[in-house]
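The values are calculated or read from the model by the stated rules, or taken from the named source; none is laboratory data. Model, not experiment: these values are computed from the prediction. For neighbour counting, all protein chains shown are included, and Cβ atoms are generated from backbone atoms with ideal geometry for every residue, glycine included.
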Amino acid sequence: MADHVKIATVAALVLIATSWTPVSAQSLADLKPAPEPLVLQQQGSFFVGGRKMTNPRTGWSELSPDLFGSPQGDVMVDQMYVQFQKPANAGNHVPVVFVHGCCLSAKTWETTPDGRMGWYEYFTRKGYPTYLAEQSGRARSGFNTVGFNEVRDGLKPPSTQPLVLMATAQFAWPIFRFGPKFGEAWPDQQFPMDKVDELYKQVIPDLILTQTPDLLAQFSDPRTSVPTVDTMAQLAEDLGGAVLVGHSQSSGFPTKAVLKGRPGIRGIIQLETGCYGNLDAEQVAALAKVPILVVVGDHFSTPQPPPECVKEMEAVNKAGGDMTFIALPDLGMKGNSHMFMQDRNNLQVADVLIKWIEEHVERRKN
């Protein structure tokens, strides 16, 4: 057994034996020193997409009509915020775009809860122009407030106001596969459970229900009108080619982006599923033109790959495509959680993605 797995196992067993108690908070002292300077050609941020609309109830006039004026005005909605780093040694590496999942932000890909290097820095150090996107309606992308203020002012019934989703510790524990029950970690758990509260600090309100009336349908229907998918496809085109990476709630977004029919998507990586077993012939033909990688962690209660992934792989590969499914335990990586980009072996998992990009995307171009 590898040393890092032994350490994680011992730590998890100690936590189980002592029951679950509050842990110490992350501090500046937790940050691990960089192995060497990070040399960048450029670093910045921008927005993709967005549309202008009139917001009839901004709220300011209620506070002071004399000071703030009209209660309505033009606002931008549905845009996607993107931050990026271009390494000085990028060479011919394809840009990689990461999109987070439910109830989180681009913080997902940055420094891990226990202060180690995240994928944002690691992919940059490996020479990849790296882009972190925040789903439309989330975090720095902003969200559409119209429906909430209309209900508050009695212009629409409360039943029309969408739910604001929040992920609690009790919600995250089984979904993120931290352990068999809340407060008990798997013995081989790779997530740094002594810093799990730092993950909970990353949780933010999820307003995706302001953009789609049926969230569950998004996991089974390859079609979508969610703005993030359109902006992901647009970003790949604007970059002149990119690999799109989705995770969890957004795991199927790269597939949906391909089906928008825009050029520029050189490959897609879907973390923690994102498969569709109900693709029609035209959709299969479109996906057969783009290399596809699906990666999942450990401790699923059902066999992997799931039936929808098996069906999609068979259809895409039969059509001449290149779709790969990797369960990390099959590579000898045991104990990975739903959040393996933050697990103790996160850089080892990143190397799996990088190797696939080199072999299935970059060599394909050559």
* Does the stretch 138-150 include one or more residues that are within 30 Å of Arg266 (Cβ to Cβ), surrounded by 18 or more Cβ atoms within 10 Å (Cβ to Cβ) and in contact with a strand residue (DSSP E or B) (Cβ under 6 Å, 6 or more places away or on another chain)? -> yes
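Which residue, of Leu209, Leu239, is touching a Leu at 6+ places or on another chain (Cβ under 6 Å) and over 23 Å from Val295 (Cα atoms)? Talk me through it step by step, then tell me what you get.
Numbers: Leu239 fails: touching a Leu at 6+ places or on another chain (Cβ under 6 Å).
None of the others qualify; the one that does is Leu209.
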* Asked: Among the listed residues Ala236, Ala217, Ala172, Ala167, which satisfies the condition of being small (Gly, Ala, Ser) and touching a strand residue (DSSP E or B) at 6+ places or on another chain (Cβ under 7 Å)?
  -> Ala236
* To do: Mind telling me which of the residues Phe148, Phe176 ends up being among the hydrophobic types (A, V, I, L, M, F, W, C) and at pLDDT below 95?
  => Phe148
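Results for (1) among the β-branched types (Val, Ile, Thr); (2) free of Cβ contacts under 8 Å to residues at least 60 places away in the same chain; (3) surrounded by fewer than 19 Cβ atoms within 10 Å (Cβ to Cβ), shown as yes or no for each residue.
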{"residue": "Glu62", "(1), (2), (3)": "no, yes, yes"}
{"residue": "Gln72", "(1), (2), (3)": "no, yes, yes"}
{"residue": "Tyr81", "(1), (2), (3)": "no, no, no"}
{"residue": "Asn92", "(1), (2), (3)": "no, no, yes"}
{"residue": "Trp109", "(1), (2), (3)": "no, no, no"}
{"residue": "Asp114", "(1), (2), (3)": "no, no, no"}
{"residue": "Tyr120", "(1), (2), (3)": "no, yes, no"}
{"residue": "Phe123", "(1), (2), (3)": "no, no, no"}
* To do: Take the stretch 334-351 and flag every residue that is free of Cβ contacts under 8 Å to residues at least 60 places away in the same chain and touching a helix residue (DSSP H, G or I) at 6+ places or on another chain (Cβ under 7 Å).
  => Val349
* **The listed residue being of a type in the set (Val, Ile, Thr) and modelled with pLDDT of 95 or more, out of Thr228, Thr210** => Thr228
* Subset tally (residues that are buried (at least 16 other Cβ atoms within 10 Å of the Cβ) and part of a loop (DSSP other than H, G, I, E, B)) for the stretch 163-186 -> 7
* To do: Evaluate the stretch 323-340: report whether one residue or more is in a loop (DSSP other than H, G, I, E, B) and touching a strand residue (DSSP E or B) at 6+ places or on another chain (Cβ under 8 Å).
  => yes
* helices (runs of 4 or more DSSP H) wholly inside the stretch 190-266 that include at least 1 residues being buried (at least 24 other Cβ atoms within 10 Å of the Cβ) and free of Cβ contacts under 8 Å to residues at least 60 places away in the same chain -> 227-238, 253-258
* To do: Pick out, from the stretch 59-130, the strands (runs of 3 or more DSSP E) lying fully within it that include 2 or more residues that are under 26 Å from Asp30 (Cβ atoms).
  => 80-87
* Asked: Under the condition of being in a loop (DSSP other than H, G, I, E, B) and polar (S, T, N, Q), which residue from the stretch 341-364 is nearest to Pro95 (Cα to Cα)?
  -> Gln342
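Which of the following residues is hydroxyl-bearing (Ser, Thr, Tyr) and under 20 Å from the mean Cα position of the chain (by Cα): Ser141, Ser159?
Details: Ser159 fails: under 20 Å from the mean Cα position of the chain (by Cα).
From the options Ser141, Ser159, the qualifying one is Ser141.
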* **Pairs with Cβ under 6 Å, 6+ apart, first in the stretch 286-305 and part of a strand (DSSP E or B) and surrounded by 18 or more Cβ atoms within 10 Å (Cβ to Cβ), second modelled with pLDDT of 95 or more and not hydrophobic (A, V, I, L, M, F, W, C)** => Leu293/Thr324; Val294/Gln270; Val296/Glu272; Val296/Gln304
* Structure fact -> Across the stretch 42-70, the tally of residues that are within 23 Å of the chain's Cα centre (by Cα) and at pLDDT below 90 stands at 0
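Going residue by residue through the stretch 330-339, is there one that turns out to be loosely packed, with under 15 Cβ neighbours inside 10 Å and either on the phi > 0 side of the Ramachandran plot or modelled with pLDDT under 95 (or both)? Don't jump to the end; show me each part of the working.
Initially, the stretch 330-339 is screened for residues loosely packed, with under 15 Cβ neighbours inside 10 Å, giving 330-332.
In the following step, the residues that additionally are either on the phi > 0 side of the Ramachandran plot or modelled with pLDDT under 95 (or both) were identified as 332.
Yes, some residue in the stretch 330-339 is loosely packed, with under 15 Cβ neighbours inside 10 Å and either on the phi > 0 side of the Ramachandran plot or modelled with pLDDT under 95 (or both).
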* Asked: Of everything in the stretch 345-366 that's more than 14 Å from Val295 (Cβ to Cβ) and modelled with pLDDT of 95 or more, which residue is surrounded by the most Cβ atoms within 10 Å (Cβ to Cβ)?
  -> Val361
* Asked: Is it true that Gly73 is at pLDDT 90 or above and small (Gly, Ala, Ser)?
  -> no
* Look at Gly252 and say whether it is more than 16 Å from Leu132 (Cα to Cα) and out of contact with any Ser or Thr (no Cβ under 7 Å at 6 or more places or on another chain). => yes
* Quick one: Gly154 ticks every box in (1) part of a helix (DSSP H, G or I); (2) surrounded by fewer than 17 Cβ atoms within 10 Å (Cβ to Cβ); (3) small (Gly, Ala, Ser) bar one, so which box is it? -> (1)
